[in-house]
Amino acid sequence: MDLLIQNFQKHVDLTEEEQRLILSLVEKESYKARTILLKPGEIANITYFVIEGMIRSYTVDTNGTEHVLSLASPNWFITDMYSLVSRKPAQQYLSVINDAIVYKLSRENQEKLYVQVPKLERFFRILIEKSVVAHQQRLIDNLSLTAEDRYAKFCSKYPDFIQCIPQKYIASYIGVTPEFFSKMKARLLKR
């Protein structure tokens with residue numbers, strides 16, 4: 001069964017007809033590493049479902065420092081939710097970390113699916129609720145845990161990411177500079 005359909009089936013049962021409809025409304029696309037899928041100022045019109053590879057969302061501050069907001073590996077969705085929902089310009093970048101294959105679901109086709117397969121509204125509500133909970137917990141962790149504790153939590157929660165993505169993205173995700181991250185990892189290895 002298709003990975004996307006398996007993902008939907010975690011929360012909603014789909015008929016074969018509904019599965020075919022879904023697959024007819026998504027577009028499979030391959031991207032090379034470092035491809036920018038969305039830039040600040042653009043309106044997000046696509047939700048990406050990762051089949052292979054990884055995608056990150058990030059912002060760049062006035063000093064040119066990147067801040068990784070989220071990472072999406074196979075079987076995950078990613079978009080700039082603020083822009084997709086509000087129809088306002090994106091505030092973040094979406095960029096391919098390593099060569100990726102994705103399904104692209106346009107906002108227009110997502111709306112069609114809500115009408116033609118109403119149970120998908122439930123699926124996306126569940127997905128968004130889980131995302132809000134994860135982002136809230138990450139914010140609390142960033143305010144209350146040490147960098148070492150945040151790294152340990154990242155490693156236990158996302159063990160597959162450690163070898164798949166550059167260390168500078170992990171450093172950014174846990175809220176430290178690459179230099180601090182290197183020194184911290186060296187300290188951890190000595191223990």
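What to note about this one:
- Residues that are in contact with a helix residue (DSSP H, G or I) (Cβ under 7 Å, 6 or more places away or on another chain) and either surrounded by fewer than 16 Cβ atoms within 10 Å (Cβ to Cβ) or among the polar types (S, T, N, Q) (or both), drawn from the stretch 45-65: 45, 47
- Test: residue in the stretch 98-115 that is surrounded by 12 or more Cβ atoms within 10 Å (Cβ to Cβ), touching a Cys at 6+ places or on another chain (Cβ under 8 Å) and in a strand (DSSP E or B): yes
- With respect to the conditions (1) part of a helix (DSSP H, G or I); (2) in the same structural domain as residue 43 (by TED's automatic domain parsing); (3) under 20 Å from the mean Cα position of the chain (by Cα), residue 172 falls short on a single one, namely (2).
- Residue match in the stretch 37-44 (condition: buried (at least 18 other Cβ atoms within 10 Å of the Cβ) and in a loop (DSSP other than H, G, I, E, B)): yes
- Looking only at the stretch 147-169, and only at residues there that are closer than 20 Å to residue 74 by Cα and among the aliphatic types (A, V, I, L, M), the one that is nearest to the chain's Cα centre (by Cα): 165
- Residues that are part of a loop (DSSP other than H, G, I, E, B) and either free of Cβ contacts under 8 Å to residues at least 24 places away in the same chain or within 15 Å of the chain's Cα centre (by Cα) (or both), drawn from the stretch 1-33: 1, 2, 10, 15
- Restricting the stretch 24-36 to residues that are surrounded by 12 or more Cβ atoms within 10 Å (Cβ to Cβ) and of a type in the set (A, V, I, L, M, F, W, C), the residue that is nearest to residue 109 (Cα to Cα): 25
- Total residues in the stretch 38-69, condition small (Gly, Ala, Ser) and free of Cβ contacts under 8 Å to residues at least 40 places away in the same chain: 2
- As a summary of the residue check, residue 120 satisfies the conditions (1) of a type in the set (A, V, I, L, M, F, W, C); (2) under 20 Å from residue 11 (Cβ atoms); (3) surrounded by fewer than 15 Cβ atoms within 10 Å (Cβ to Cβ) except for the one numbered (3).
- Given (1) under 22 Å from residue 106 (Cβ atoms); (2) under 18 Å from the mean Cα position of the chain (by Cα), number of the condition residue 59 does not satisfy: (1)
- Selection count, the stretch 139-170, where residues are of a type in the set (Lys, Arg), free of Cβ contacts under 8 Å to residues at least 12 places away in the same chain and surrounded by 12 or more Cβ atoms within 10 Å (Cβ to Cβ): 0
The values are calculated or read from the model by the stated rules, or taken from the named source; none is laboratory data. What you see is a predicted model; the values in this text were computed from it and never measured. As a convention, Cβ positions derive from the backbone with ideal geometry for all residues, glycine included, and neighbour counts pool all protein chains shown.
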